[in-house]
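Input: a single structure, listed below in structure tokens.
The values are calculated or read from the model by the stated rules, or taken from the named source; none is laboratory data. The structure displayed is predicted, hence computed values, not measured ones. Quick reminder, even Gly has a Cβ in these numbers, built from the backbone with ideal geometry, and neighbours come from all protein chains shown. The protein model used for the area step is the full one, side chains on, heavy atoms only, and it has no ligands, DNA or RNA in it. Shrake-Rupley method; radii C 1.70, N 1.55, O 1.52, S 1.80 Å.
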Amino acid sequence: MSGTIEATNVQTDNIKNTSGTAYHFIKQVVQPAKLSNTGSSTQTTPTGNATWSDTGLTATITPSSTSSKVLIFCNGLFYLRRNEEIRFRFMRGTTAILTMCGYAETSDGFFTMTAPSGYMDSPSTTSATTYKLQFYAQGEYASMRFNYSGTSSLGEASITLLEVAG
């Protein structure tokens, strides 16, 4: 078996190729309970016009190294009225780490928009770190919902954190 290496269990924190480029590996995964939308009691609405509100998606991770990165994955649906400016942001504690804007424009009625889904953060800490998704409606906040089920289920919302070796 010349040239063949067999291994059943390999553990490492750092592997580099011959040019010295490091490969990154997932060190831990955190996925708290999902937000179920089986009833209207689990939906979230903004607290007012031009006000940031929590969606209810939150998760906490404790990185094993200050050089670790945290990859945030998120899914869920926003249900909103036509012609509405909306914003989303990922928070690390009380700090906004990524803000995104969107604009809903449709001829009439309501429609759905997916939640933002991915960001790589560098928290530079080994302390427990909480991430969450917030949203903001410029005008028609009373008609906006996150994780709204209405008369039919739109799925479940979740947030997942992955620690990636830095």
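Here are some notes:
- Within segment 147-166, residues that are aromatic (Phe, Trp, Tyr) sit with their Cβ atoms under 8 Å from residues that are part of a loop (DSSP other than H, G, I, E, B) and modelled with pLDDT under 80, at 6+ positions apart or across chains, in these pairs: TYR148/ASN37; TYR148/GLN43; TYR148/LEU154.
- Inside segment 104-137, residues that are at pLDDT 75 or above, open to solvent by 30 Å² or more (accessible area, probe 1.4 Å), on the phi < 0 side of the Ramachandran plot and in a loop (DSSP other than H, G, I, E, B) make up a count of 6.
- Exactly one residue out of ILE86, ILE97 is at pLDDT below 80, of a type in the set (Val, Ile, Thr) and under 22 Å from THR51 (Cβ atoms), and it is ILE86.
- Selected residue (criterion: modelled with the lowest pLDDT) from residues of segment 15-69 that are among the basic types (Lys, Arg), within 14 Å of THR160 (Cα to Cα) and part of a strand (DSSP E or B): LYS27
- Condition check for GLU163: at pLDDT below 90, among the acidic types (Asp, Glu) and either surrounded by 15 or more Cβ atoms within 10 Å (Cβ to Cβ) or in a loop (DSSP other than H, G, I, E, B) (or both): no
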